[in-house]
Amino acid sequence: MLGNLKPQAPDKILALMGEFKADPRQGKIDLGVGVYKDADGHTPIMRAVLEAERRMLDSETTKTYSALSGEPDFLKAMGELVLGAGYKPELTAGLATVGGTGAIRQALELARMANPDLRIFVSDPTWPNHVSIMNFMGLPVETYRYFDNATRGVDFEGMKTDIARAKKGDVVLLHGCCHNPTGANLTIEEWAEVADILEKTGALPLIDLAYQGFGDGLEADAAGTRLIASRIPEVLIAASCSKNFGIYRERTGCLLAQCKDAATRDLTQGAMAFLNRQTYSFPPFHGAKIVATVLNSPDLRADWMAELEEVRGGMLRLREQLASELRALSGSDRFDFIASHRGMFSRLGAPADKVQRLKEEFAIYMVGDSRLNIAGLNDSTVPILARAIVEAGI
Ligand code: PMP
């Protein structure tokens, strides 16, 4: 029977990782996979995370099952981190999930349970796994214009026109900050206009918040999400702790569902717990406990915030350095967008053959759509990349 399975196309980014590994050239540069790396190319364990684990090891006495929806202290701490003062626990259902990916999957399952005829509107482009999951689930996907290849910024007029087509019963997927793969983001004034459209159409926003703290800071990166939650009664938020806590492999995330009233919240909470039960039963505990311990211990929280700021500042400096090298080498300001993009990624807007040339001639690996991971750079590789970009005629 298993022989009937069809071969699955490998994940492009994971395939690129394999190719990079097998490349024997000295000085090769990996700007592919979306993982934060320090100047030595290492993905460190954050100090507060290690200390939280030490404290957990000293205090935990059991590994018995925990709560089906996840630990209340984790969900409350995440609700506050994401929604700030606007968090309304009495109206917000929460679910611990297997990473941000699990949160997105459960959000889509939940939305489909509420409306089997829904359509999902996603930005063009978006994180490829969004579309892959939706296709696998058989959900109709509609795209909305997002990236303007001429300016490398957001095509906001196109976006507004396209999301206005979403109706009540549809879902509009929005990146809360640090858009993946483009690095181009909405201003807070634009978020307000998106809220106007959602208010008018009644479509349900699903906000994917995978990089809070990687763009303009923990508060600023949540501002769009908070604005939507303050204006729209029903909002789904899929939050990932992989990047901002550096706990990728612990698979930690949550789904927050802000509901219009307490009765709907209870109904939604029950449906969300049911979804965990059907999928994997209890969600992973360890990563969620790390996050709750860090966020609820003033000393660890302060240290985590300080280290996250170091990480964010480092990426911003690399952006500015790369933009200024490119300004000097190209004699133009056409790469200035790199300094105004935010998060780990920037889309260069280069055609596939030039991306291929960077790989073959210069041993510089980036995703085929010309997405580069800024965190894959350091002081000595920035000038190498800048020269290669100009020499490849990008
Ligand atoms: N959304 C976006 C936009 C992402 O880039 C990622 C991670 N690559 C995720 C969600 C999922 O993250 P996680 O590893 O927590 O599943």
Please state which of the following conditions Gly183 fails to meet, knowing it meets all the rest: (1) more than 16 Å from Ser230 (Cα to Cα); (2) away from the ligand (no atom under 16 Å from the Cβ); (3) small (Gly, Ala, Ser).
(2)
Just to verify a result, which residue in segment 292-337, among those that are crowded, with 16+ Cβ neighbours inside 10 Å and of a type in the set (Ser, Thr, Tyr), is nearest to the chain's Cα centre (by Cα)?
Thr293
Before we move on, is Ala77 part of a strand (DSSP E or B), more than 16 Å from the ligand (Cβ to nearest atom) and more than 23 Å from Ile13 (Cβ to Cβ)?
no
Selected residue (criterion: surrounded by the most Cβ atoms within 10 Å (Cβ to Cβ)) from residues of segment 208-231 that are in a loop (DSSP other than H, G, I, E, B), of a type outside the set (A, V, I, L, M, F, W, C) and within 13 Å of the ligand (Cβ to nearest atom)
Tyr211
Name the pairs whose Cβ atoms lie under 9 Å apart, with the first residue in segment 80-105 and surrounded by fewer than 20 Cβ atoms within 10 Å (Cβ to Cβ), the second of a type in the set (Phe, Trp, Tyr), and 6 or more positions between them or separate chains?
Glu80/Tyr87; Val98/Tyr280
Checking the condition more than 20 Å from Tyr211 (Cβ to Cβ) and charged (D, E, K, R), which residue from Asp38, Asp11, Asp23, Asp30 passes?
Asp23
In segment 106-139, the residues that are outside any strand (DSSP E or B), among the polar types (S, T, N, Q) and either away from the ligand (no atom under 11 Å from the Cβ) or buried (at least 17 other Cβ atoms within 10 Å of the Cβ) (or both)
Gln106, Asn115, Thr126, Ser132, Asn135
So which residues in segment 350-374 are buried (at least 18 other Cβ atoms within 10 Å of the Cβ), within 22 Å of the chain's Cα centre (by Cα) and either modelled with pLDDT under 95 or not hydrophobic (A, V, I, L, M, F, W, C) (or both), if there are any at all?
Tyr365, Val367, Asp369, Ser370, Arg371, Asn373
Kindly indicate whether any position in segment 232-239 is within 12 Å of Ala107 (Cβ to Cβ) and near the ligand (Cβ under 10 Å from one of its atoms).
yes
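So that you can scan it fast, the table gives a plain yes or no per residue for (1) surrounded by fewer than 17 Cβ atoms within 10 Å (Cβ to Cβ); (2) touching a residue at least 60 places away in the same chain (Cβ under 8 Å); (3) more than 16 Å from the ligand (Cβ to nearest atom); (4) farther than 27 Å from Leu218 by Cα:
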position: Thr252; (1), (2), (3), (4): no, yes, no, no
position: Leu256; (1), (2), (3), (4): no, yes, no, no
position: Thr268; (1), (2), (3), (4): no, yes, yes, yes
position: Phe274; (1), (2), (3), (4): yes, no, yes, yes
position: Pro283; (1), (2), (3), (4): no, yes, no, no
position: Ile290; (1), (2), (3), (4): no, yes, no, no
Helices (runs of 4 or more DSSP H) contained entirely in segment 313-394, each with at least 1 residues that are in contact with a Phe, Trp or Tyr (Cβ under 6 Å, 6 or more places away or on another chain) and of a type in the set (D, E, K, R)
352-362
State the number of residues belonging to segment 252-302 that are more than 22 Å from Glu90 (Cβ to Cβ) and not in a helix (DSSP H, G or I).
9
Looking only at segment 82-105, and only at residues there that are among the polar types (S, T, N, Q) and within 16 Å of the ligand (Cβ to nearest atom), the one that is farthest from the chain's Cα centre (by Cα)
Thr97
Answer with yes or no whether Glu142 is more than 17 Å from the chain's Cα centre (by Cα), part of a strand (DSSP E or B), farther than 26 Å from Arg251 by Cβ and modelled with pLDDT of 95 or more.
yes
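The values are calculated or read from the model by the stated rules, or taken from the named source; none is laboratory data. Given the structure is predicted, the values throughout are model-derived calculations rather than measurements. Positions of Cβ are backbone-derived with ideal geometry, glycine not excepted, and every protein chain shown enters the neighbour counts.
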